[in-house]
């Protein structure tokens, strides 16, 4: 479990740094209505049995970051307006009943609102079925 805590601490530090950069990059003279919103999420996938933890940064509006399927992931998050707990059956299909739990975490900002999400799924298939491209890295 110490590794999971280290990954979470790393993600938290990165989110705070990214948020600080986003604030610093906003011109001081910009009116609140003119300021672009910040949508950046730091994502982690921690398998309980085999495999190494993985992490990715997702930026939306404009799309970017280290996430390999950023456009699809941003679309999935936009569908639920940043409420990741509302993601459900994004990629419907069948999954085996293999038990290989995986825990995912997302922290950051969605349109300047804080996001914090943690969920454990029975296996990677169930994870991808429920969350679509968001944790597909």
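Listed values, structure above:
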{"read-out": "Any hit, region 75-84, residues being buried (at least 19 other Cβ atoms within 10 Å of the Cβ), in contact with a strand residue (DSSP E or B) (Cβ under 9 Å, 6 or more places away or on another chain), under 16 Å from residue 137 (Cα atoms) and at pLDDT 95 or above", "value": "yes"}
{"read-out": "Given (1) modelled with pLDDT under 95; (2) farther than 17 Å from residue 58 by Cβ, index of the condition residue 90 fails", "value": "(2)"}
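The values are calculated or read from the model by the stated rules, or taken from the named source; none is laboratory data. Just so we're clear, the structure is a prediction, and the values are computed from it rather than from any experiment. Because the Cβ atoms are built from the backbone with ideal geometry, glycine has one as well, and the counts that use them run over all protein chains shown.
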